[in-house]
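One structure is given here, and the rest of the page talks about it.
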Amino acid sequence: MTFTVPLVETRNLTFRVEGEEIVSDMTLQIMPGDYTAIIGPNGGGKTTLMRLILGLNKKSSGQIKLFGIDQKRFKSWEKIAYVPQNVLQIDHRFPATVKEVVQMGRTALKKAWRGFSEEDALIIDAAMVKLGVQHLQDRLIGELSGGQRQRVMIARALASQPRLLILDEPNTGVDVVSQKKFYALLKQLNEEEGLTIVFITHDIGVIADDIKKVICINQKMLSCSNPKEVLSCSTMSEVYGVDAHLIHHHH
C-alpha cells in the first residue's frame, strides 16, 4: 500500500485580526493530481487562506504542511506557483514584453549573478507554446486583452515548473469565450501534465464540470466533496448566507 503525501495540509488553522477570526479552525488537504475549486462569498477568507498557506500572512494558531513538511521548514517554494487576484489589471504603459513577463517565472530560481541558460530558454519557450502565446512574445503585456494576459500569467507560473498551481479569482475581467478556453486549458494541464490545480472564486457559476473537488468556506470550512454533492441549494445557502436556488445548464 502506497501512502500519498498531501501537497497542502492544514489542521485547525486559524487567523485573527484584532480579535476577529477571518479563518477559523480550517482543516483541509490538497492531494497530488487534485483539480480543486475553493468557493465562498467575498470576505469569506478564501484569499486569506491561500496567503496563510503561502506564508504571506502569519497564522494565529494551527498547523500548515507543504509537501509533507512543516511550513516553517519548507524551502522548495518553486514547487508552488501562485497567480494572485487582480494580476490582470496591468497599466497599459507597463514596459515589459510577453516574453519578459514569462521569463520572470525563472528569475526566482536563478542566482543573482546568473543569466538565463539554454535550458531556461527552452523551458520559457515551452511555457509560451503550451499557453498559445508564443506569437505574442514581442508584444507589450499592457496591450493584450484580458484573456491573453491570463494565459501569459499562467505561462509565467509554469516557467518555474511547479507541481501546484494556485489561481485567485482568475476570471475577473475575462470574457465568457476566454473563460471557456481557460477551463479547457486547466483541464489539459491537470489531466495531461499531472499539474495539481487550486483556484479560488466567489462565483459558483464558473465551476466547470470537470472539477474534481470543491471546498466551500465562509470563515470556516463548510463542505469538501465532489461538485455534484456540494453544489446543492442547501449547501450554497449555508455558504453564502442567503436562500439559494441553483439552475445548472449543461452545454
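Any read-out appearing in this document is the output of simple, stated calculations on the displayed coordinates, not a laboratory observation. Being a predicted model, the structure only gives us computed values, none of them experimental. Virtual Cβ from ideal backbone geometry, glycine too; neighbours counted across all protein chains shown.
Results, tabulated for the structure shown:
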item	result
Along each principal axis, Cα extent of the stretch 1-143, largest first, Å	47, 42, 31
Pairwise FRET efficiency - residue 94 versus residue 67, Cβ, R0 = 30 Å, nearest 0.05	0.35
Charge dipole of the stretch 101-201 about the Cα centre (unit charges at C-beta), most positive-ward option of 136, 152, 101	101
Cα→Cβ-extended label distance, 7 Å offset, between residue 77 and residue 116, nm	2.2 nm
Gained length - residue 145 relative to residue 11, 0.36 nm times residue gap less alpha-carbon distance	44.2 nm
Extension reserve of the residue 125-residue 58 stretch, reckoned as 0.36 nm per residue once the Cα distance is removed	20.5 nm
Unit charges on C-beta of K, R, D, E only; dipole of the stretch 49-200, Debye	640 debye
Dimensionless Rg/Rh of the stretch 125-223 - Kirkwood Rh, Rg from C-alpha atoms	0.97
Residue 21/residue 212 FRET efficiency (R0 30 Å; Cβ-Cβ; nearest 0.05)	0.55
Candidates per GluC sites (Glu not before Pro) in the stretch 1-86, loop by DSSP, up to 14 other Cβ within 10 Å	18
